[in-house]
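Notes for the one structure printed next.
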Amino acid sequence: EGAEKIVEPSAKETNTDFSGKGERILFVDDEEQIRAVAAMLFSEHGYQVATCQNGVQALEEFQNNPDKFDLVITDMTMPHMTGVELVQKIMGIRPDTPIILCSGQGEVINRERALAMGVCAYLNKPVSQHDFLFAVRKALESRKPQHSQS
């Protein structure tokens, strides 16, 4: 199982700039500390971040303005609504929304199920800053037309 984890970053990858160009991220986590760290990390790297403390709040935010966000990052386990439910509802509103699902240990959902649902990435917590920024960049690029120049 550990085999697929060992990915040697090529020199090119390590120098990749993961900075955003003002893309808007909706970040959902019920832990205030995680929201604060994420907001700081992403805004320092050129993203605009809106944080919500649960899926209900996030869904409301998204429904009010579905085109406002370029990416949704949600925790899996939260009160009121799970990350999976939130993902399904967001996909129902705007199917092309890139979504990253973050999960703690021993969650009911695994990577295969998450990816089958249509999320761009499934990250196990704790997520390193590098992995977070890399996943965000990849998720955003997956949505852009391929011919655009970065």
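The values are calculated or read from the model by the stated rules, or taken from the named source; none is laboratory data. Since the structure is predicted, the reported quantities are computational estimates derived from the model, not experimental observations. Using ideal geometry, Cβ is built from the backbone for each residue, glycine included, and neighbour counts are taken over all protein chains shown.
Listing for the model above:
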{"quantity": "Scan of the stretch 78-93 for residues that are outside any helix (DSSP H, G or I) and surrounded by fewer than 16 Cβ atoms within 10 Å (Cβ to Cβ), ordered by number", "calculated": "Pro79, His80"}
{"quantity": "Pairs with Cβ under 7 Å, 6+ apart, first in the stretch 46-72 and part of a loop (DSSP other than H, G, I, E, B), second aromatic (Phe, Trp, Tyr)", "calculated": "Phe69/Phe62"}
{"quantity": "Check on Phe27, under 28 Å from Gly55 (Cβ atoms), modelled with pLDDT of 95 or more and within 15 Å of the chain's Cα centre (by Cα)", "calculated": "yes"}
{"quantity": "Subset of the stretch 1-24 that is at pLDDT 95 or above and in a loop (DSSP other than H, G, I, E, B) - its residue that is nearest to Ile73 (Cα to Cα)", "calculated": "Glu23"}
{"quantity": "Some residue of the stretch 104-115 being of a type in the set (Gly, Ala, Ser), within 22 Å of Ala38 (Cα to Cα), at pLDDT below 95 and touching a Phe, Trp or Tyr at 6+ places or on another chain (Cβ under 6 Å)", "calculated": "yes"}
